[in-house]
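Below is one structure; the comments refer to it alone.
The values are calculated or read from the model by the stated rules, or taken from the named source; none is laboratory data. Source: prediction; values computed, not measured. Using ideal geometry, Cβ is built from the backbone for each residue, glycine included, and neighbour counts are taken over all protein chains shown. Heads up: the accessible areas ignore ligands, DNA and RNA and are worked out on the full protein's heavy atoms, side chains in. Shrake-Rupley method; radii C 1.70, N 1.55, O 1.52, S 1.80 Å.
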Amino acid sequence: MKNKNRRDFLRAAVEAAGATAALNVMPLGIRQALAIPANNRHGSIEDIEHIVVLMQENRSFDHYFGTLRGVRGFGDKSAVTLPNGKPVFNQPIAAGAGEVLPFHPGASNLGLQFLQDLPHDWVSGQGAFHGGLYDQWVPFKGTTTMAYLQRDDIPFHYQLADAFTICDAYHCSTNTSTDPNRYYMWTGYLGNDGAGGGPVVDNAEAGYGWSTFPEVLERAGISWKIYQDIGAGLDAKNAWGWTDDAYIGNYGDNSLLYFTQYQNAQPGSPLYEKARRGTNAAAGDDYFAILKRDVQAGTLPQVSWIVAPEAFSEHPNWPANYGAWYVDQVLQVLTSNPDVWSKTALLINYDENDGFFDHLVPPFPPTSSANGLSTVDTGGEIFPGTAKYASGPYGLGARVPMLVVSPWSKGGWVCSETFDHTSVIRFIQKRFGRAHGLAEPNISPWRRAICGDLTSAFDFRNPNTATPTLPATSGYVPPDKLRHPDYVPVPPVAQAIPKQEPGVRAARALPYELFVRTRADASKDTVSFDFVNTGSAGAVFLLYRNASADAPRTYTVEARKRLADRVAANPDGSFDFVVHGPNGFLRRIAGKAGAQSHGWWSREQAAPDVAEGYDVANGNLQLRLANRGTAACTFSVTNAYDPSKTITRRVRGGDTEQVYLDLREAHGWYDVEVKVDTDRAFLRRLAGHVETGRDSMSDPALGE
């Protein structure tokens, strides 16, 4: 019988451990991962000597972690509003046919259920995205799109986040299927400029010829390898890891094998030996035999990628906890040599979201001045379309999980900087590029401007402080080698937005300092916007007309730059706009142009205005309440983090008042509404976090 030794081992593990008892025992490998101190010679990224990337399959961030404490999940008070005026969590089925909210399926032992696979191609991805309106998930993906898991279902994933660092603004690179997203991870783009058979937005696997990042590493003398099981006894030239047995092979997830330079590589050449060789045991009995050998011998490459067999990849309909078992095995191997682990960063990410819902609308570039502006070149970021696929922005795509597991990321942190799969390349460049010059021109200027390089997720100066624990995964070993039928959950009759776990978690310092300045123009038909970025990282602002079917306008502003635009008000001069940015940044601007035209009124009246300033030294907020009119008005200021206290200021015409808000009890978070007594339509809402350059805590409102 094929793979008898492996099968017997897995069955014996289940019988010996018992599923219930296993959850309460922390495996040796994880104890070592938390106990082994970081190699802290330089106190910088130079202390990392090995970067290991394990890309799993097809899960969205909310689907896995929407209820996790201290991340931007189901408790997000800054979430986008749909055209029908409801929160983005209330996804319509079809016009007048009801809605589906995120729901927890009713099956027992959900982490081991074979939850159905959903559409996850370019058509359904762009359809759900709907130009940024984000209101077509159910029509394009089905009701299971709204299903989510929680801590009791996938305790290993949750405890991994509690032990190390989770990134809650990490997006897949493009709104489509597996291969294109893996091309972004391994090459930085999709042949967007037409090179080498691109651009490609599907899993055609037709054979491509543009350059790949491992080739850059090879030229620079950086060691690298793909650890994969290509299937015992298979012809690697023809099989490429695809097999009829889901417990062997690499599920075709080594996407380098769809490039002609790898397909044509000969035995003995670097591309053949490092990307086409199977790194399982010769007899197929051990998924990790070669990885174990390299770790024990101290010959783990500087950069490596691990590719799981189908059954362990977490791709539906395979169970999430089969993947937990696999990830745990990887950790046990990497920590088996303390000297190697002390110098290793393991990045666990997911190629795309399958069809599973995530509520955070991803940043995307304008296709033209008709739907936004950018201070950075957006060339190569707009798919021109084909006879088969409509045009649209390549990305970013939906959020997917990213766990940073290393001696420099212990302690249960959240990092909320915007990342995507190209951030992995840039992290490798950051570590090894200074000495070796690892240029990767495939990554577009736009993507470099708005996606970080992952360094903000690490603490290189003081890493050896935290010692959390993790549960064992022996109970997740597959009890048989069968693919079971789809589990198709039914949404409940009584629906509600799920609650997140209460409490906060430690949050990494972020590079954002953003402002939006507005003014209703004298012509009464437009509102001017000035998007200001005084931070050290680029950001995308999404401008929505509140409760409208108009697609959002998108504005990309590089670090320390600004741009301005004018947007039409409603025919009667009224307006209600909402601006969304990274890490819960929100501005709502409502009023009527005729009532606030700053000197162009026909009778004596007030002309209120609000501007914010950040007390960066202390993490507090200062508001400037201005009245540019001639009549006095009274401002009312309420902070949702201190709702019992309303501050009022009477401001004469032509005068200003200052309001200083102490945000220390809310860890620098604010959600402020400003109204005036002279104009019912006037409203300013300002929400976000004051960054100080120091680590902080997550948004307390998420767990309310």
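Out of (1) over 27 Å from residue 455 (Cα atoms); (2) crowded, with 18+ Cβ neighbours inside 10 Å; (3) β-branched (Val, Ile, Thr), the odd one out for residue 557 is which?
(1)
Is there any pair linking a residue in region 551-563 that is within 13 Å of residue 511 (Cα to Cα) to one that is open to solvent by 40 Å² or more (accessible area, probe 1.4 Å) and modelled with pLDDT of 95 or more, with Cβ under 7 Å and at least six apart or on different chains, and which?
Sorted first by the residue in region 551-563, then by its partner, the pairs are 558/375; 559/536; 560/534.
Residue pairs, Cβ under 7 Å, 6 or more apart or interchain, first in region 430-451 and within 22 Å of residue 539 (Cα to Cα), second open to solvent by 80 Å² or more (accessible area, probe 1.4 Å) and of a type outside the set (Ser, Thr, Tyr). List them.
Pairs found: 445/377; 446/377.
Kindly indicate which of 13, 17, 22, 38 is modelled with pLDDT of 60 or more, surrounded by 15 or more Cβ atoms within 10 Å (Cβ to Cβ), among the small types (Gly, Ala, Ser) and over 30 Å from residue 88 (Cα atoms).
Just a single option satisfies the conditions, and that option is 38.
Looking at (1) touching a residue at least 40 places away in the same chain (Cβ under 8 Å); (2) closer than 24 Å to residue 58 by Cα; (3) out of contact with any strand residue (DSSP E or B) (no Cβ under 7 Å at 6 or more places or on another chain); (4) not aliphatic (A, V, I, L, M), which one does residue 242 not meet, given that it meets all the others?
With (1) touching a residue at least 40 places away in the same chain (Cβ under 8 Å); (2) closer than 24 Å to residue 58 by Cα; (3) out of contact with any strand residue (DSSP E or B) (no Cβ under 7 Å at 6 or more places or on another chain); (4) not aliphatic (A, V, I, L, M) applied to residue 242, the lone miss is (1).
Go through the residues of region 454-466 one by one and say whether even a single one is under 30 Å from residue 311 (Cβ atoms) and either modelled with pLDDT of 90 or more or charged (D, E, K, R) (or both).
yes
Would you confirm whether or not region 167-174 contains a residue that is modelled with pLDDT under 95, open to solvent by less than 10 Å² (accessible area, probe 1.4 Å) and either of a type in the set (A, V, I, L, M, F, W, C) or under 24 Å from residue 396 (Cβ atoms) (or both)?
no
Can you list residue pairs whose Cβ atoms sit under 7 Å apart, with the first residue in region 617-631 being within 17 Å of residue 657 (Cβ to Cβ) and the second being part of a strand (DSSP E or B) and among the basic types (Lys, Arg)? Count only pairs 6 or more apart in sequence or on different chains.
Close Cβ pairs satisfying both conditions: 625/649.
Confirm whether residue 334 is within 22 Å of residue 400 (Cα to Cα) and either open to solvent by 10 Å² or more (accessible area, probe 1.4 Å) or of a type in the set (A, V, I, L, M) (or both).
In short, no.
Checking the condition over 25 Å from the mean Cα position of the chain (by Cα), surrounded by fewer than 16 Cβ atoms within 10 Å (Cβ to Cβ) and acidic (Asp, Glu), which residue from 572, 565 passes?
572
Can you work out which of the residues in region 547-584 that are in a strand (DSSP E or B) and among the aliphatic types (A, V, I, L, M) is farthest from residue 691 (Cα to Cα)?
In this case the residue turns out to be 568.
Contact list please: Cβ distance under 7 Å, first residue in region 350-374 and open to solvent by 10 Å² or more (accessible area, probe 1.4 Å), second residue of a type in the set (D, E, K, R) and not in a loop (DSSP other than H, G, I, E, B), pairs at least six apart or on different chains.
The qualifying pairs are 360/399; 371/553; 373/565.
Being crowded, with 19+ Cβ neighbours inside 10 Å and either part of a helix (DSSP H, G or I) or modelled with pLDDT under 80 (or both) is the filter here, so list the residues in region 226-248 that pass it.
230, 231, 232, 234, 240, 241
When only residues in region 385-402 that are more than 25 Å from residue 453 (Cβ to Cβ) and either in contact with a helix residue (DSSP H, G or I) (Cβ under 9 Å, 6 or more places away or on another chain) or in contact (Cβ under 8 Å) with a residue 12 or more places away in the chain (or both) count, which is least open to solvent (accessible area, probe 1.4 Å)?
The qualifying residue least open to solvent (accessible area, probe 1.4 Å) is 392.
Please return the ranges of strands (runs of 3 or more DSSP E) entirely within region 596-683 where 3 or more residues are among the aliphatic types (A, V, I, L, M) and under 23 Å from residue 534 (Cα atoms).
620-627
So residue 644 ticks every box in (1) touching a residue at least 24 places away in the same chain (Cβ under 8 Å); (2) of a type in the set (Gly, Ala, Ser); (3) closer than 28 Å to residue 505 by Cβ; (4) open to solvent by 50 Å² or more (accessible area, probe 1.4 Å) but one. Which box is left unticked?
Just one mismatch for residue 644, condition (1).
Out of 606, 666, 687, 701, report the one residue that is modelled with pLDDT under 95 and surrounded by 17 or more Cβ atoms within 10 Å (Cβ to Cβ).
606
Filter region 179-225 down to the residues that are part of a helix (DSSP H, G or I) and open to solvent by 10 Å² or more (accessible area, probe 1.4 Å), then identify the one that is farthest from residue 429 (Cα to Cα).
So the residue we want is 197.
Can you name every residue in region 146-166 that is in contact with a strand residue (DSSP E or B) (Cβ under 9 Å, 6 or more places away or on another chain), at pLDDT below 95 and open to solvent by 10 Å² or more (accessible area, probe 1.4 Å)?
Result: no residue meets the conditions.
Which of the numbered conditions does residue 137 fail, given that it passes all the others? Conditions: (1) in contact with a helix residue (DSSP H, G or I) (Cβ under 7 Å, 6 or more places away or on another chain); (2) within 30 Å of residue 388 (Cα to Cα); (3) surrounded by fewer than 22 Cβ atoms within 10 Å (Cβ to Cβ).
Among (1) in contact with a helix residue (DSSP H, G or I) (Cβ under 7 Å, 6 or more places away or on another chain); (2) within 30 Å of residue 388 (Cα to Cα); (3) surrounded by fewer than 22 Cβ atoms within 10 Å (Cβ to Cβ), the lone unmet condition for residue 137 is (3).
Modelled with pLDDT of 95 or more, surrounded by fewer than 17 Cβ atoms within 10 Å (Cβ to Cβ) and not basic (Lys, Arg): is that true of residue 615 in this structure?
Yes.
On the basis of being free of Cβ contacts under 8 Å to residues at least 24 places away in the same chain, out of contact with any Asp or Glu (no Cβ under 7 Å at 6 or more places or on another chain), part of a loop (DSSP other than H, G, I, E, B) and surrounded by fewer than 19 Cβ atoms within 10 Å (Cβ to Cβ), does residue 96 make the cut?
Against the criterion (free of Cβ contacts under 8 Å to residues at least 24 places away in the same chain, out of contact with any Asp or Glu (no Cβ under 7 Å at 6 or more places or on another chain), part of a loop (DSSP other than H, G, I, E, B) and surrounded by fewer than 19 Cβ atoms within 10 Å (Cβ to Cβ)), residue 96 qualifies.
Tell me which residues, restricted to region 99-116, are in a loop (DSSP other than H, G, I, E, B) and within 22 Å of residue 155 (Cα to Cα).
102, 104, 105, 106, 107, 108, 109, 113, 114, 116
Considering (1) open to solvent by 60 Å² or more (accessible area, probe 1.4 Å); (2) aromatic (Phe, Trp, Tyr); (3) under 21 Å from residue 591 (Cα atoms), say which one residue 635 fails and leave the rest.
Among (1) open to solvent by 60 Å² or more (accessible area, probe 1.4 Å); (2) aromatic (Phe, Trp, Tyr); (3) under 21 Å from residue 591 (Cα atoms), the lone unmet condition for residue 635 is (1).
Please find, within region 439-463, the residue that is least open to solvent (accessible area, probe 1.4 Å) out of those that are closer than 19 Å to residue 346 by Cβ and in a helix (DSSP H, G or I).
So the residue we want is 457.
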